[in-house]
Amino acid sequence: MADYVEIKQLIMRIYDRISDLQDIMMQYKEYNITINEVHILEKLNGNDGIKVKELAELCNVTNATMTVQLKKLEANDYVTKEKDLHDSRSVLIFITQKGRKIVKVHEYFYVKLLKGILKSHEEEEIELMYSMLSEIEQNLTAAIQTQRDDLKIKKH
């Protein structure tokens with residue numbers, strides 16, 4: 001049986017391969033977008049009209065980092081900004097049709113990728129993998145919250 005170090009190394013290699021594929025996919029000059037910006041568009045696609053601060057939290061980046069990325073996305077017509085009518089200090093972010101196209105291209109890429117890498121597996125194996133990955137995600141979420149709670153306790 002593989003030990004935890006081997007599992008960690010395998011996860012890191014898979015992550016690296018996925019990152020490599022994402023980089024290759026987004027190198028088309030017509031898009032002029034980074035994979036981090038694509039991920040912002042994906043978050044925005046389900047949360048259109050969100051405040052910058054809320055989007056930054058969803059993406060686990062600072063407000064300053066999000067502001068810089070949004071400026072580029074806006075310059076390339078992937079998002080628009082509008083003043084919040086209820087809070088003059090806030091700006092709301094909306095994804096454009098061009099931004100939605102990027103999300104669709106990225107989704108298509110992943111569906112094609114997953115079909116290719118899972119083609120040798122039976123449906124039951126894929127269901128088991130999905131179930132295991134869902135549990136791993138839940139455990140990671142709980143571990144992240146525990147770490148955040150521990151940091152809060154140490155700061156006080």
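Got at least one residue in the stretch 23-35 being more than 22 Å from Thr96 (Cβ to Cβ), in the same structural domain as Glu107 (by TED's automatic domain parsing) and in contact with a helix residue (DSSP H, G or I) (Cβ under 8 Å, 6 or more places away or on another chain)? Yes: one or more hits.
Counting only helices (runs of 4 or more DSSP H) wholly contained in the stretch 1-119, the ones carrying 1 or more residues that are in contact (Cβ under 8 Å) with a residue 60 or more places away in the chain occupy 4-25, 35-45, 97-117. Among the residues examined, Val91 qualifies as farther than 24 Å from Thr141 by Cβ, among the β-branched types (Val, Ile, Thr) and modelled with pLDDT of 90 or more. Thr80 meets the conditions (1) within 29 Å of Ile144 (Cβ to Cβ); (2) surrounded by fewer than 17 Cβ atoms within 10 Å (Cβ to Cβ) in every case but one. The failed one is (1).
Kindly indicate whether Thr146 is part of a strand (DSSP E or B) and surrounded by 10 or more Cβ atoms within 10 Å (Cβ to Cβ). Judged against the criteria, Thr146 is not a match.
For the residues Asn36, Asn47, the requirement of being at pLDDT below 95 and under 21 Å from Asp23 (Cα atoms) singles out Asn36. Taken over the stretch 22-61, the criterion of being within 15 Å of the chain's Cα centre (by Cα), surrounded by fewer than 16 Cβ atoms within 10 Å (Cβ to Cβ) and β-branched (Val, Ile, Thr) is satisfied by Thr34, Ile35.
Checked against the criterion of being in contact with a helix residue (DSSP H, G or I) (Cβ under 6 Å, 6 or more places away or on another chain) and not assigned by TED's automatic domain parsing to the domain that holds Thr141, the candidates His106, His86 yield just one match: His106.
Any residue that is at pLDDT below 95 and closer than 30 Å to Lys83 by Cβ - is there at least one of those in the stretch 9-31? Yes, the conditions are met somewhere in the stretch 9-31.
The values are calculated or read from the model by the stated rules, or taken from the named source; none is laboratory data. What you see is a predicted model; the values in this text were computed from it and never measured. Neighbour counts run over all protein chains shown; Cβ positions are idealised from the backbone, glycine included.
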